[in-house]
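The values are calculated or read from the model by the stated rules, or taken from the named source; none is laboratory data. Bear in mind the structure is a predicted one, so any value in this text is a computation, not a measurement. Glycine gets a Cβ as well: all are built from the backbone with ideal geometry, and neighbour counts include every protein chain shown.
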Amino acid sequence: MTKFTAQSGFTVAIDGPAAAGKGTIASAVAQAFGFAHLDTGLLYRAVGAQMLTGKDPLDAAQSLDPSALEKTNLRTAQVAEAASKVAAISDVRATLVDFQRAFARRIGGAVLDGRDIGTVICPEAEVKLFVTASPAVRAERRFAELTTRGVDTSLEKVLSDVKARDTRDQQRSTAPLMEAEDATRLDTSTLSIDEATQAAIHLVTHALRAASVSD
């Protein structure tokens, strides 16, 4: 696919609950158009991982080194839970906002996925997607992922964790998980990875063409 080469920012904001497929879709969209990609959840996972070692969450956010996003321990269930907790701390979120916004407007285009990209971080994004799926489907996906990595758990436990995280993310006082009014909803419950990815790529292609015409 032709790469995006405009000398201005073009932002794709992808939000959604855990295990809905937004990270996979975001990565595929970034690769298809040559955009930079930021999994913003890794910012909170990196802070959460440091909190688990006893570090104050705000101190961890303020001193966060980008290299911390490359650590291999950020995908564990324990770190995911810690990330959800630190993400509910308003001072932590405020500390990480500037980094995300600067990344979003970088020359050459950017894709950011998270839970408040289209509503808080990049409300003016050229493309907004809300990727979702039923709790049962998301739990099955997460369970398969965890068991593949050798994690000893059960589908019932994973489903309970998914529902608890949904509640926490949706009810937090600062930047709760919600669908932007102008976002396109993409329900992946019955879609293959390829089908979901192609739907997102089609949407971005249309937006790029529209932006080119307006320019």
Val47 fails exactly one of the following numbered conditions: (1) over 23 Å from Arg141 (Cα atoms); (2) in contact with a Ser or Thr (Cβ under 7 Å, 6 or more places away or on another chain). What is the number of that condition? (2)
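Does Thr184 satisfy the criteria of being of a type in the set (S, T, N, Q) and in contact with a strand residue (DSSP E or B) (Cβ under 6 Å, 6 or more places away or on another chain)? Can you show your working first?
Details: of a type in the set (S, T, N, Q): yes; in contact with a strand residue (DSSP E or B) (Cβ under 6 Å, 6 or more places away or on another chain): yes.
Considered against the rule, which asks whether it is of a type in the set (S, T, N, Q) and in contact with a strand residue (DSSP E or B) (Cβ under 6 Å, 6 or more places away or on another chain), Thr184 comes out as yes.
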Could you count how many residues in region 63-93 are touching a residue at least 60 places away in the same chain (Cβ under 8 Å) and more than 30 Å from Ser154 (Cα to Cα)? 2
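Working only within region 149-181, note down all residues that are exposed (fewer than 12 other Cβ atoms within 10 Å of the Cβ) and at pLDDT 95 or above.
Of region 149-181, the ones exposed (fewer than 12 other Cβ atoms within 10 Å of the Cβ) are 149-150, 152, 154, 156, 167, 171, 173, 181.
Listed by number, the residues that qualify are Ser154, Glu156, Glu181.
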Can you find a residue that is in contact with a strand residue (DSSP E or B) (Cβ under 8 Å, 6 or more places away or on another chain) and at pLDDT 95 or above anywhere in region 138-145? no
So Ala60 ticks every box in (1) of a type in the set (A, V, I, L, M); (2) free of Cβ contacts under 8 Å to residues at least 40 places away in the same chain; (3) closer than 27 Å to Gly109 by Cα but one. Which box is left unticked? (3)
Residue list for region 124-169, restricted to those being closer than 21 Å to Glu181 by Cα and under 15 Å from the mean Cα position of the chain (by Cα): Ala125, Val127, Lys128, Leu129, Phe130, Val131, Thr132, Ala133, Asp166, Asp169
Report, by residue number, each residue of region 46-70 that is of a type in the set (D, E, K, R), at pLDDT 95 or above and assigned to a helix (DSSP H, G or I). Asp59
Quick one: in region 11-29, of everything that is crowded, with 21+ Cβ neighbours inside 10 Å and part of a helix (DSSP H, G or I), which residue is nearest to the chain's Cα centre (by Cα)? Lys22
Would you pick out the residues in region 127-150 that are in contact with a Leu (Cβ under 8 Å, 6 or more places away or on another chain) and part of a strand (DSSP E or B)? Val127, Leu129, Phe130, Val131, Thr132
When region 71-126 is examined, which residues are found to be in a loop (DSSP other than H, G, I, E, B) and surrounded by 20 or more Cβ atoms within 10 Å (Cβ to Cβ)? Gly109, Arg115, Asp116, Cys122, Ala125
